[in-house]
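Undergrad: Structure incoming, see below.
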Amino acid sequence: MNRILPKPSELSSTKEKEVRNAFIKNEVIPNDILEHISEAYLVLDLTGNIIQINEKASNLFKHAIKDSKLFIKKCICDNTFPDFIKLYRALLRNGHLLGQKICIQSYNQPKLEILIRATVLYDANQKPIAFQCLFNDQVDRESFLQNYHEQKEQLVTVLENSSLGIVFIKNGKILKTNTTFCSLLGYDEHELSTLTINDISFPEDVENSQKIIQKMNLGKINHFHFTQKYKKKDQSLLIARVRINIIKDEIGNYLYHVAMLEDITKEVQESSMLKALNTLMSSIIGKSNIYEIAWEITQKVISLFGLEDCVIYMFNHDRTLLEQIAAYGDKNPKGREIINKITIPLGEGIVGTVAQTGISEIVNDTALDSRYIVDDKYRASEITVPIIADGMVIGIIDSEHSTKNYFTNTHLETLTNIANLAASQLKSAMNLQRFLDTEKQKSLLLNNLQARNQELQEYAHIVSHDLKSPLRSINALISWLKEDYTDVFEQQKTNHIPLIENTLDRMEKLINGVLDYSKIDLENNEYKSIDLNQVIHNIKKTTYIPKHINILIKKPLPILKIDHTKATQLFQNLISNAIKFIDKNIGIIQIDYEDHGTYHTFSVKDNGIGIDKKYHQKIFKMFQSLQTNAESTGIGLAIVKKIVQYYNGDIWLESTVGKGTTFFFNLKKVS
Amino acid sequence: MSTLSFLLIEDDEIERMKFQRVVSKYEPNHIIVEATNGEEALEILNDDNQPLPDIILLDLNMPKMNGIEFLTLLKNHDRFKYLPTIVLSTSNNHQDLLECYKTGIAGYIVKPLKYEDYALKIQSMVSYWESNELIKG
């Protein structure tokens with residue numbers, strides 16, 4: 001270290017500080033301060049004319065001053081003159097000269113070593129206009145040395161205790177290092193002194209760092225920050241934030257470089273893992289194919305970790321071996337292609353072992369592990385993590401690295417996270433597949449059901465018509481019998497013929513009922529606005545209503561969006577049903593409704609014979625009639641219920657035996 | 001009153017008997033030619049030795065060629081398309097009705113269950129056509 005700062009003892013406290021500050025700032029030292037300066041002080045213009053001078057300086061350079069001009073050459077010892085010229089140039093270049101020793105010899109005086117400090121004074125345009133110089137003739141070698149050692153010691157202390165790794169490099173060669181630097185790289189200082197900086201760098205970084213050094217050497221930059229990887233003695237990785245400074249002597253000669261390294265390996269790895277994990281997460285979300293997930297992991301994410309290699313194996317249960325399904329690195333030169341795929345039997349190698357145990361492994365030195373299987377090339381360390389879904393190993397994530405001890409617990413943690421992610425994604429993919437399969441089956445079933453329903457309804461339709469034709473034939477034949485054998489029948493006085501006719505009539509009603517019932521789902525469903533008052537009016541006109549029965553509409557019924565035929569069938573069947581069971585001399589059928597906002601509740605009330613509670617469910621079933629007569633087919637109420645259900649409504653009744661029955665049903669308002 | 005000739009296309013024997021009985025009782029001079037299905041009816045129509053009927057009565061539900069298929073063939077024929085055709089059906093299905101009228105029919109009669117009702121309908125149908133002017137030959 002050849003920079004010597006002015007000795008603190010040279011100037012007295014505050015004044016000293018002011019001088020110093022002004023001096024360092026390249027400002028003229030004010031006159032009032034000058035008086036207190038114990039040193040020789042003078043200000044010279046660029047050609048050497050004295051602008052200002054103090055007494056001490058006048059004494060010192062007495063013989064060399066002529067006409068306010070300092071002929072400094074007269075004072076300089078001949079042999080140090082070339083140095084002096086260099087100093088002069090350095091001063092102009094740097095703007096200051098801090099504590100340079102020169103040798104002067106005044107006329108008739110002994111040689112004297114003095115310490116010179118100088119700064120350049122500039123005009124407003126930053127053009128140099130003068131020098132101010134301080135000379136100290138009090139320098140003696142002893143104090144100089146003491147000073148030097150003191151400072152060196154300070155520096156060594158700082159150097160050794162720094163948490164930064166510090167290295168001095170000359171032309172690539174390692175000159176000196178501190179303890180931190182040694183421990184960062186795992187070498188001792190002696191070992192390092194035999195190495196060059198390239199020995200501990202990765203080949204891909206050498207060119208870049210040489211460029212930086214070159215720039216510095218050319219004086220373009222004095223320092224530079226960058227982040228770089230280094231190889232430790234054990235071949236593991238060190239990622240460091242580096243600040244490199246170039247050190248030159250006062251006259252600008254290159255001395256050496258100082259590099260300060262901060263270990264950010266963990267930091268970088270952790271943040272890159274987090275980033276990678278996020279990237280992975282978003283890239284595999286929604287993927288439903290194990291192969292796609294595997295390729296995403298290897299191609300997109302592993303590269304983000306700075307891993308050299310990664311292979312994902314899938315466990316083949318049938319063959320009890322592991323197959324490579326995706327890769328990153330040398331195994332995957334392009335696209336989604338793996339060259340020289342290998343398979344590993346369960347239990348063999350590190351991969352096979354982990355597949356068997358389901359426990360992750362880090363192998364710090366594969367050379368020491370007999371299980372290690374060389375795939376495409378030998379690599380020094382390996383990490384192997386199982387992909388486990390539902391307690392079963394379904395695959396393996398495996399990564400190898402060319403340096404020993406490369407993989408850390410952070411790698412393990414992250415790869416485990418990735419494996420879990422892959423597993424859960426796969427699981428949900430499998431669930432999705434299962435769901436889709438079920439849906440497919442369901443819709444198939446539904447289609448079948450619809451087809452069957454359609455068939456059934458058509459069947460009912462056709463059968464009803466086919467059944468009717470023999471009925472018609474029988475009816476015709478009986479009529480002919482009656483016509484052709486009138487005499488015989490009159491003699492016999494039997495009423496078999498009318499009984500047969502009644503039976504046929506009833507049979508036709510049944511068939512028509514079945515036909516109507518089967519038609520409910522079949523017909524097109526146009527929701528037209530239907531005025532229910534009109535519907536009831538029409539029913540009154542077309543249905544036989546005995547004279548003693550009155551149908552009353554309690555208040556005007558609403559207009560509904562409903563199929564006209566269904567609305568007619570609904571009310572007609574309820575009214576017919578009421579008519580059938582009225583046993584009073586004056587029958588009353590009352591139709592009413594209540595508006596419940598989203599639906600209406602309609603009621604059809606009669607004063608008939610009433611229905612016992614135990615039959616309330618039964619009456620809605622097909623062919624369930626409580627009375628055996630030609631009028632009652634047991635289909636009417638089944639049709640009513642089916643229509644109400646068709647419109648997602650409910651139907652129920654309240655009844656008192658002997659007094660009458662009220663049927664209620666809800667119909668939703670259709671918007 | 002003119003004598004009418006009917007071509008009755010009906011697969012059910014008793015239905016044919018019913019028609020015969022009602023018409024002959026009402027007006028024995030009317031001629032009834034019977035066919036049990038559409039193909040047979042076409043043979044009769046295409047037989048040059050037989051005069052064309054005045055009116056065709058067609059059942060819809062028949063084996064082999066059904067009524068609507070027959071009707072479609074008939075209405076696409078240059079000469080036969082002028083023959084008034086009345087459908088006799090068991091079904092009052094809206095779809096069937098629409099299809100028939102679209103293709104071209106002169107009437108649609110739903111066969112009632114009771115023979116008396118049937119006889120009444122057929123009689124009124126026959127009497128209606130008796131008072132119509134027809135393209136003869």
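What follows is calculated from the coordinates using simple rules that are stated; it is not laboratory data. Being a predicted model, the structure only gives us computed values, none of them experimental. For neighbour counting, all protein chains shown are included, and Cβ atoms are generated from backbone atoms with ideal geometry for every residue, glycine included.
Undergrad: Most exposed first by the Cβ proxy, i.e. fewest other Cβ within 10 Å, how do A:LEU60, A:LEU481, A:LEU368 rank?
TA: Details: A:LEU60 23, A:LEU481 14, A:LEU368 9.
Starting with the residue having the fewest Cβ neighbours, the order is A:LEU368, A:LEU481, A:LEU60.
Undergrad: Mean shadow of chain A, computed from the convex hull of its alpha carbons, in nm²?
TA: Details: hull surface 249.3 nm².
Over all viewing directions, chain A projects a mean Cα-hull area of 62.3 nm².
Undergrad: Here's a follow-up. Assuming R0 = 30 Å, can you tell me the calculated FRET efficiency for the pair A:ASP234 and A:GLN356, based on Cβ-Cβ distance, to the nearest 0.05?
TA: Details: r = 30 Å, r/R0 = 0.99.
According to the calculation, E is roughly 0.50.
Undergrad: What is the set of long-range amide H partners of A:GLY610 at a cut-off below 5 Å, with H atoms built 1.01 Å from backbone N?
TA: A:GLY658, A:GLY660, A:THR661
Undergrad: Holding the Cα-Cα limit at 32 Å, pick out from A:LYS275/A:LYS377; A:LYS56/A:LYS170; A:LYS554/A:LYS580; A:LYS152/A:LYS173 the pairs that are longer than that. Walk me through the numbers on the way to the answer.
TA: Working: A:LYS275/A:LYS377 29 Å; A:LYS56/A:LYS170 43 Å; A:LYS554/A:LYS580 21 Å; A:LYS152/A:LYS173 22 Å.
The pairs that break the limit, which is 32 Å between Cα atoms, are A:LYS56/A:LYS170.
Undergrad: Take B:ASP47 and A:GLN210, extend 7 Å from each Cα along the Cα→Cβ direction, and tell me the distance between the two endpoints in nm.
TA: Calculated label separation equals 11.5 nm.
Undergrad: Quick one: Cα convex hull volume of segment B:5-130, Å³ per residue? Mind dumping the intermediate values first?
TA: Working: hull volume 12.6 nm³, N = 126.
Considering the Cα atoms of segment B:5-130, their hull volume per residue is 100 Å³.
Undergrad: Give the calculated FRET efficiency between A:SER271 and A:ARG452 to the nearest 0.05, with a Förster radius of 45 Å applied to their Cβ-Cβ distance.
TA: Values: r = 63 Å, r/R0 = 1.39.
So, using R0 = 45 Å, E works out to roughly 0.10.
Undergrad: Take the Cα pairs of segment A:162-263, get the Kirkwood Rh, then feed it into Stokes-Einstein at 4 °C and 1.567 mPa s and tell me D in µm²/s.
TA: Details: Rh = 13.7 Å.
In µm²/s, the coefficient rounds to 95.
Undergrad: Let me ask you something else. Output wanted: per-residue J couplings in Hz (rounded whole) for segment A:87-96, from phi through Karplus 6.51 cos²θ - 1.76 cosθ + 1.60, θ = phi - 60°, x for Gly and Pro.
TA: Calculated HN-Hα couplings, in order: 4, 4, 5, 4, 4, 4, 6, 8, x, 7 Hz.
Undergrad: Does a label point 7 Å from the Cα of A:TYR254, set along Cα-to-beta-carbon, have any residues of segment A:166-199 with amide nitrogen under 13 Å, and which are they?
TA: A:169-173
Undergrad: Amide H to amide H under 5 Å from A:ILE635: which residues, 5+ apart in sequence or cross-chain, H placed 1.01 Å off N in plane?
TA: So A:ILE635 has HN proximity to A:PHE623.
Undergrad: Provide the FRET efficiency to the nearest 0.05 for the A:ARG89-A:LYS62 pair, computing r from the beta carbons and using R0 = 22 Å. Write down the numbers at each step before the final one.
TA: Numbers: r = 27 Å, r/R0 = 1.24.
My answer for the efficiency is 0.20.
Undergrad: Take the Cα gyration tensor of segment A:523-668, multiply each eigenvalue by 5, square-root it, and list the three semi-axes largest first, rounded to whole angstrom. Show your work: numbers first, answer last.
TA: Details: eigenvalues 105, 59, 45 Å².
After diagonalising the Cα gyration tensor, the semi-axes are 23, 17, 15 Å.
Undergrad: For a quick check: with amide H placed at 1.01 Å from N, whose amide H comes under 5 Å from A:ALA380's, ignoring anything fewer than 5 positions away on the same chain?
TA: Sorted by chain and number, the residues that satisfy this are A:HIS401, A:SER402, A:THR403.
Undergrad: Through the Karplus equation 6.51 cos²θ - 1.76 cosθ + 1.60, θ set to phi - 60°, convert the phi angles of segment A:392-409 into ³J(HN,Hα) values in whole Hz; use x for Gly and Pro.
TA: Per residue, the Karplus-derived 3J(HN,Hα) values read 10, 6, 9, x, 9, 9, 10, 9, 10, 9, 5, 9, 6, 6, 6, 7, 10, 5 Hz.
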